[in-house]
Amino acid sequence: MSAAEDPRRLDLDDLRVRAFGERGGAVDDSIPELAEADPDLLGIALVTVDGATRASEQADVKISIQSAVKPFLFALALQDHGSDALDRLGIEPTGEAFDAIKLESGTGRPPNPMVNAGALLTAALVDGDDAEARSRRILAGLSAFAGRDLRVSERIAENEHLLGDRNHALAHLMRAEGTLEVGADDAVAVYARACAVLVDARDLAVMGATLAAGGRNPVTGADVVGAAVARDVISVMATCGVYDGSGRWMRRVGVPAKSSVSGAIVLAAPGVLGAAVVSPPLDAQGTSVRGHAVSAALSEELGLHAFGVPSH
Ligand code: GLU
């Protein structure tokens with residue numbers, strides 16, 4: 001049986017060695033902890049919807065989740081608010097950078113939940129009477145997605161909060177538009193803590209697999225979110241997950257995904273598997289260069305492209 005028929009047979013260490021040929025990109029320097037990342041870190045993991053797990057060397061090295069948290073914040077907001085959350089923000093791609101200071105014209109809503117404006121709002125929509133309660137609910141929700149108790153790096157959370165000037169600007173703009181109902185500083189603090197959750201490639205692959213399995217964690221068996229929520233989240237990952245690189249990503253990889261400035265990418269192939277790649281050097285759109293290459297290879301070898309048809 002070939003790897004294309006059985007993902008468990010894929011040699012992720014071989015894929016990893018091949019990916020070292022990709023040399024471009026630069027590590028993010030928005031906060032000191034990201035600037036200090038090891039550019040040669042490369043972890044790969046995949047988890048099928050029936051719970052089989054494969055992991056490469058370094059798949060257990062922890063990094064901050066950063067924007068790879070956005071699909072899961074959207075999922076928790078949808079779970080807690082139902083379709084009301086969908087009325088509160090758009091779902092259209094922007095063709096702009098992740099932190100563009102721009103809201104939907106006419107409505108003042110964030111353009112989609114995969115850019116910073118949207119994630120500040122989805123984090124604020126998660127149930128909880130105050131910032132602390134929302135952060136607790138987010139950490140518990142992310143832990144359910146990952147199937148283990150995750151923790152926050154306090155230093156990273158603090159620096160994200162202190163140095164995230166554009167996030168503060170976006171939160172104030174959404175307050176001015178009446179889109180954000182909680183305090184601007186609280187909204188940034190909760191989002192910053194969510195970005196500072198520590199995960200590894202294995203965790204992210206389980207999280208992606210939980211979406212791919214319709215909201216049920218295939219490793220723990222826990223129902224984390226409903227199937228309709230998982231479908232909505234994956235749909236928006238497909239169109240908006242890689243920011244202004246989403247079109248290029250869909251053509252080359254063809255699997256819904258979310259990128260992040262820590263170099264993590266989480267992928268969800270509905271009904272098949274979740275996968276993750278962690279490699280810090282980024283391209284101009286903030287996507288991991290090696291992560292992109294490994295994802296394309298995974299898609300090719302496992303026949304995962306959403307629009308591909310087996311050749312005649
Ligand atoms: N912490 C980053 C920010 O909000 C996340 C951005 C990303 O990972 O793309 O600025």
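Nothing in this text is a laboratory measurement; each read-out follows from the coordinates by a stated rule. All values reported here derive from a predicted model rather than from experimental measurement. Glycine also receives a Cβ, built like all others from the backbone with ideal geometry; neighbour counts cover every protein chain displayed.
Within the stretch 248-301, work out how many residues are on the phi > 0 side of the Ramachandran plot and either outside any loop (DSSP other than H, G, I, E, B) or surrounded by fewer than 24 Cβ atoms within 10 Å (Cβ to Cβ) (or both). First the steps, then the outcome.
Initially, the stretch 248-301 is screened for residues on the phi > 0 side of the Ramachandran plot, giving 254, 263, 271, 286.
Restricting the remaining residues to those that are either outside any loop (DSSP other than H, G, I, E, B) or surrounded by fewer than 24 Cβ atoms within 10 Å (Cβ to Cβ) (or both) gives 254, 271, 286.
Final tally of qualifying residues: 3.
Given the conditions (1) of a type outside the set (Lys, Arg); (2) assigned to a helix (DSSP H, G or I); (3) under 16 Å from the mean Cα position of the chain (by Cα); (4) more than 11 Å from the ligand (Cβ to nearest atom), and given that residue 198 satisfies all but one, which numbered condition is not satisfied?
Checking residue 198 against (1) of a type outside the set (Lys, Arg); (2) assigned to a helix (DSSP H, G or I); (3) under 16 Å from the mean Cα position of the chain (by Cα); (4) more than 11 Å from the ligand (Cβ to nearest atom), the one that fails is (2).
Could you say whether any residue in the stretch 212-233 is crowded, with 24+ Cβ neighbours inside 10 Å, outside any strand (DSSP E or B) and in contact with a Phe, Trp or Tyr (Cβ under 7 Å, 6 or more places away or on another chain)?
Looking through the stretch 212-233, at least one residue is crowded, with 24+ Cβ neighbours inside 10 Å, outside any strand (DSSP E or B) and in contact with a Phe, Trp or Tyr (Cβ under 7 Å, 6 or more places away or on another chain).
Go through the stretch 109-156 and count every residue that is small (Gly, Ala, Ser), surrounded by fewer than 22 Cβ atoms within 10 Å (Cβ to Cβ) and within 14 Å of the ligand (Cβ to nearest atom).
Going through the stretch 109-156 one residue at a time, the tally reaches 1.
Pick out the one residue from 283, 223, 244, 232 that is within 14 Å of the ligand (Cβ to nearest atom) and within 21 Å of residue 73 (Cβ to Cβ).
After ruling out the rest, the residue left standing is 244.
When the stretch 255-300 is examined, which residues are found to be of a type in the set (Asp, Glu) and in contact with a helix residue (DSSP H, G or I) (Cβ under 8 Å, 6 or more places away or on another chain)?
Pass one, the stretch 255-300, residues of a type in the set (Asp, Glu): 283, 300.
Residue satisfying the conditions is 283 alone.
Can you list the helices (runs of 4 or more DSSP H) lying wholly within the stretch 1-92 that have 3 or more residues being without any contact (Cβ under 8 Å) to a residue 40 or more places away in the chain?
Fully inside the stretch 1-92 and qualifying: 83-88.
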